[in-house]
Each structure stands twice: as C-alpha cells, then as structure tokens.
1. Let's test the formula: R0 of 30 Å, r as the Cβ-Cβ distance of residue 560 and residue 148. What FRET efficiency results, to the nearest 0.05?
2. For residue 399 paired with residue 263, estimate the spin-label separation in nm (one decimal), with each label point 7 Å from Cα along the Cα-to-Cβ line.
3. Return one number: the angle in degrees, 0 to 90 and rounded to the nearest 10, between the long axis of the Cα atoms of helix 454-463 and the longest principal axis of the Cα atoms of the chain.
4. How far, in nm, would the chain grow between residue 185 and residue 40 when pulled straight, counting 0.36 nm per residue and subtracting the alpha carbon separation?
5. By count of other Cβ within 10 Å, fewest leading, how are 266, 553 ordered?
6. Convert 20 °C to kelvin, take the viscosity as 1.002 mPa s, use the Kirkwood radius over C-alpha pairs of region 168-289 as Rh, and evaluate the Stokes-Einstein diffusion coefficient in µm²/s, rounded to a whole number.
7. Under 1.5 on a/c is rounded, so check that first for region 302-365, then, if it is not, pick prolate when a/b is larger than b/c and oblate when it is not; a ≥ b ≥ c are the square roots of the alpha carbon gyration tensor eigenvalues.
8. Starting from 0.36 nm per residue, how many nanometres of slack lie between residue 466 and residue 537 once their C-alpha separation is accounted for?
C-alpha cells in the first residue's frame, strides 16, 4: 500500500479536477471548484499543526489579514498544545477524516501508510514556480524514501540555505551571576557547576525565596530537550534525536549507550546529590518550570530558548533584564568538540496536502504565493510602514518596534503575526538575500545584535564576542552529515519498529530520572541495568533496522552505494 495508494489517489483526484474545472464558475469557502484560475476569491483551508502555536490569533493579526487580502485564503487552524501530534495524527489515520493541510512532524508515515497524503510532485511542477525555485537542487531531499520517491510534504520548519548566526540553546547562566563573579570562563561541566555553586553560596535566597541553582524541564516529551539531549551535546555528539550515527559506518545506536554520556548523567546525579539540581525537576509541570524562571531565582538552565522564552519574556517585561540568560557551549572536558552547529544540509519536517482537500491546485498556489518574495518578506518582516521601513533601499526595523520585539514579544507576535506563518510554506533561511539585496529574514548579524537586551550586550562585551554563537565551534570546523538530521527521517508505521521504539522511550523516561536521583554509590548499577533493560526489550534489533533506513536515506540523497 505504501507509496501506491496516495499517488494513485492524487492522480485520480487531479484527473477529475480537470474535468470539473471545465464546467465550473465561481468559488466560495464552502464549495470551491478545482482550479478556476481564480486565486483571490474567499476560501477556507483547514489545517492541523503538530507543533504548538500559543500566539496564534486566528489570522486577526496584521500579517494574517494581509494574507487573506492578497490570496482570499483564511486558515482554520488547530494546533497540538502538547507538541508532537502523536495522538491526533493517529486518530486521523484511523478515522480517515483529514484537514486540507497537515503538518504532522514526526508522524508522516502514519498518514502515508493510511493513504492520507497527496503526492505533490506534479502539483509543484505544474503550479508552483516559487517552490521549485527555493528547493532547486534539493528536490531529492523532499522525497519520502528510496522505495517510495513521492513528495508528500515540503519542509517548512527550516529555511533553505540557512546560516545559523546565533546560539539560542546550550547551558544558560543568568547575566547578573556572571557579572558578580567577574565573567568567569565557562567551558566544562565543572566550570558551569562552580559558577552556580559559588553564587548560591553568596545568595541563598532571591527576593525572599530559595535560590535555585539549576532546574530542568522533564514534563512529558520535553525531558528530551533539557535532560537527555544535552548528554550528546556535552559529549561531542551531533543531534540525531535518540540515536548516535557512526559517521564512518552509518550504524545507529541509542545515544545513551555511549560511555561518555553515562558520565554526563553521572554529573547530573552528582548535582542532585549536592543540592544544586532542583529537587522538583522530575515532578514539576511545564508552567511551573516557566513560572520559576519568571521569578528570577533560577540561576542556570540547560535548555533551548524557545522552550523557556515565556519565562524570560516575563523577566524582561518586569524590568529584570539582568536575570535573563547567556548561552554557553559546555562539554564534559576540554578535549571534546561541541557538534551543535554541525551542518546537515537541507532537511526538515514538512507540510502536506491531504487526500480530503477539495482544491489541491488552489492550495498549492496559495503555498506558492507564500513562498514568493512578497510572501516571505510579509511573513518575516511584517507590514511596511508598520513593522519595518525602507531607507536607502534597506529594510529597517524602527527602534520602538524592535523594543517591543525584545521586551514584549508575546503581545507583539499576537498583534503582528511575525513568525506565525513560517509553517505554511517553503522559505529561505537566515543569511539569504532577495533581489533587493535585503535579507529575507530578520535574523542576520546586525539585527541579532540590535535585538539583544542591555544586559546581554554587557555580558557579550565582557567576553569579547558579539553573539553567543562565538562560544561554539563553527560549521566550517565540522563535516557535513550525509544523512541530514536523523530525527527528521520518517520511518514506516507498518513494522514492529514503532512498538519497540515506544518501549525504549518508556524505559528511558523512567530510568534516566532514577539514575539521576539515586544515591551516587548506586549510580553505576542503576545505569547499567537501564542499558540492559533496553536491550532486553528489542533495542539492538531496533537499532539494526534504523541503520538500514539511514543507509537508504544516504543512498537516496547522495547516490552513494551504501551497503
């Protein structure tokens, strides 16, 4: 079934669409004829997104209104508040009831196997010149698999030819902590620990509440972001989700099996035993985590900015700029090379059109408009004269607008819509310029520096750098990964793999906290028992299957004969 049902359905749907088009007139939101050539009459597109979008304002923001004005399209969106979309996508696949557009994140295979997704290959070729231009020689990377080379989604969670100009994750420390301690060197876990330990000894309370040296967010899937993913970052591993991929053999294994990662978790165990790791780490909910950050009493985080930004925005709004966080590259020891910025080439989760969509041609044309220069500038910069201005041919964000973006970002995003529409089509990444010699996005060095708070600028100046990324090894120092980012790779849902993977995830989410919370003298036994339990539950066979899929992906993308 896989690969044949969706493609055959798409061909039949488009064939019938051509027949319908010949006899249809106008279009409405409730009954839209297929490809009348009219791309501005009112039409509502239903959409499900597997990522949360807490600032979504039902297109009543400035950008949303302009999109509707230019295209006639209104998006009726549903977002997964828990991020991931696992349950919702499973329900869709079981019921056969799909919205027009779906951003399934890591659940694409469930929909493909259910025959839910159209093959977009011909739609892109015939109706989407802007998409073709953006993806260019990357089209091979849009294909589903070596066996099924249909294009079911177009990647939208990252931009083409993206250059990362800044670090927005890693090991964080409050600006005021660094300032009081004279801006110490922070390169190893021991350095990081020493800073937190020294400051909490001087300041056991903050604003009348107990100081928290370090807290992590282990609520549901976010345990990966702040508890388990940092284990490979701090030990020189690249981000391939739950796996470590051997760069020479392409063999995959759960990254927890690397001996150096055991030592990272031993360090967390030590931090807990010393009272430096928040005792509530494994029981607190996401909102409690952010609330603690907003209080200003959390000295350190190990996280990504998008995951704690609400708490940091609250600090900015309260005038507690010095309680915001600096980002450091921190490793187990000084011999380890941080692979955070190892290049993957173009790779990402994507957006697809379902077989239930009434007018796939109109929808792909909408996606193509969103990918046009006009659509990209609108999505990234906002409305000219309202969110940016043009001086001497250069787009500039006025100071008052930049101030709102920096210090009142949540309200600004809801009102403007800036950043809310990236999921809906392809885009160029940071560092790419349009025909007017302006950057497509607002994330370029000068604008990034302009967006830093006063406390951030003071910290950066003290360390003699201009952005947080300068703490990290650059892309040029690291080899390209031929398999991209493994966590983006869809895996078939019609095998035993997913059942085994879930078993291992359940074990990880139970045993890693146990290893961190146990008495230090018991750590080795608990951790070794954890690894043995993984293997007893099929981890080795699962890793072997994943290795096959990684090799097939390399073969599809590079043409390399991988055995």
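Taken together, the values in this text are just the output of simple stated rules run on the coordinates, not laboratory data. The structure presented is a predicted model; accordingly, all values stated were derived computationally and were not measured. Counting neighbours? That spans all protein chains shown, and the Cβs are built from the backbone with ideal geometry, glycine included.
1. The formula returns an efficiency of 0.95 here.
2. 5.0
3. 60
4. Extending this stretch completely gives an extra 46.5 nm.
5. Result, fewest neighbours first: 266, 553.
6. 135
7. Oblate, because a/c is 1.5 or more while a/b does not exceed b/c.
8. Taking residue 466 through residue 537 to full extension adds about 20.8 nm, to one decimal.
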